[in-house]
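Inspection log for the structure reproduced underneath, given as structure tokens.
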């Protein structure tokens, strides 16, 4: 019978938590606060005073030009999954905040039980809003304008628009990830093409 020491990954998997692999691509510095360390990308040497996991993943997925395509795609898939989960939670929390601010007035719709939107529908609306704001260069703060909120509520009463912070950060990052993955898949399918840069 052999006795092998368990690795941190094996120990954490038994507890139900996975040990992060982000440190395979980052240099872990001194501890700054609970769960946050100095971090430096081993590929491009970008430095963070507080290496938050989601920021490090977003960097490898979207911004690091020196890491390999495999690493970039791996973290893009992680960021995409995580962003989808967070945006639904964020929109539910923000919906509670918006509803607490509004005055309660009885109307016809209050006699019917509202149908809660499905997760996929919320994600689809979030993606459409993100693309619209980016493509038409609309300031992200517009999403919190009462007139814009009324417009959205008139089209889909059960949808609560994201905050400008969520829109400009997590939703925008998630869309960049989706576009990068789509571009990489298209490039993988093609052969015999040339990319030039006329500077």
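Confirm whether residue 62 is touching a helix residue (DSSP H, G or I) at 6+ places or on another chain (Cβ under 8 Å), at pLDDT 60 or above and farther than 22 Å from residue 169 by Cα. Please lay out each step first, then the result.
Details: touching a helix residue (DSSP H, G or I) at 6+ places or on another chain (Cβ under 8 Å): yes; at pLDDT 60 or above: yes; farther than 22 Å from residue 169 by Cα: no.
In short, no.
Please go through the stretch 169-198 and give me each residue that is surrounded by 10 or more Cβ atoms within 10 Å (Cβ to Cβ) and either touching a residue at least 12 places away in the same chain (Cβ under 8 Å) or not in a helix (DSSP H, G or I) (or both), ordered by number.
170, 171, 172, 173, 174, 175, 176, 177, 178, 180, 181, 184
On the basis of being out of contact with any helix residue (DSSP H, G or I) (no Cβ under 7 Å at 6 or more places or on another chain) and modelled with pLDDT of 65 or more, does residue 154 make the cut? Show your work before the answer.
Values: out of contact with any helix residue (DSSP H, G or I) (no Cβ under 7 Å at 6 or more places or on another chain): yes; modelled with pLDDT of 65 or more: yes.
So residue 154 passes the test.
Kindly provide the set of residues from the stretch 14-59 that are in contact with a strand residue (DSSP E or B) (Cβ under 7 Å, 6 or more places away or on another chain), at pLDDT below 90, assigned to a loop (DSSP other than H, G, I, E, B) and exposed (fewer than 14 other Cβ atoms within 10 Å of the Cβ), ordered by number.
Within the stretch 14-59, 50, 52 qualify.
How many residues, within the stretch 140-168, are surrounded by 15 or more Cβ atoms within 10 Å (Cβ to Cβ) and not in a helix (DSSP H, G or I)?
Going through the stretch 140-168 one residue at a time, the tally reaches 5.
The values are calculated or read from the model by the stated rules, or taken from the named source; none is laboratory data. Predicted, not measured: the structure shown is a model, and the values here were computed from it. So basically every Cβ, Gly included, is an ideal-geometry build from the backbone, and we count neighbours across all protein chains shown.
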